[in-house]
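This report concerns only the one structure given below.
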Amino acid sequence: LLKNGLSQAKDKNFAEIWDKNIIVDEGPKLKRRRIIHRGRATSILKRQSHITLVLTAKSPAKPKAKNRHLK
């Protein structure tokens with residue numbers, strides 16, 4: 001996933017790329033049955049996940065404004 005994002009960024013000619021946010025959420029579950037001894041069955045959960053990756057281009061740092069208090 002990260003390699004895919006970096007290759008897309010190279011196509012768009014971004015100089016430096018930073019990962020801003022990575023989120024992994026629970027996805028759907030596939031429910032299956034497995035036959036075991038004596039005619040019984042056990043349940044199997046095949047879990048999946050949703051992965052969200054947000055990339056940002058590095059922007060130049062803005063200078064901090066000085067607070068001047070007039071008296």
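A few remarks follow.
- Using the Cβ of His50 as centre and a radius below 10 Å, the other residues enclosed give a net charge of -2, where K and R count +1 and D and E count -1.
- Calculated FRET value between Ile22 and Lys46, using beta carbons and R₀ = 30 Å, to 0.05: 0.85
- The HN-Hα couplings worked out from phi for region 42-51 by the Karplus form 6.51 cos²θ - 1.76 cosθ + 1.60 (θ = phi - 60°) are 10, 8, 10, 9, 9, 8, 10, 9, 9, 10 Hz, whole numbers, x standing for Gly and Pro.
- Relative contact order for region 2-57, counting Cα pairs under 8 Å that sit 6 or more residues apart, in percent: 43 percent
- Judged by the ratio a/c of the largest to the smallest principal axis of the C-alpha gyration tensor, region 2-57 counts as prolate, that ratio being 1.5 or greater while a/b is larger than b/c.
Any read-out appearing in this document is the output of simple, stated calculations on the displayed coordinates, not a laboratory observation. Because the structure is predicted, anything quoted here is derived from the model rather than measured. Note that each Cβ is placed from the backbone with ideal geometry, even for glycine, and that neighbours are counted across all protein chains shown.
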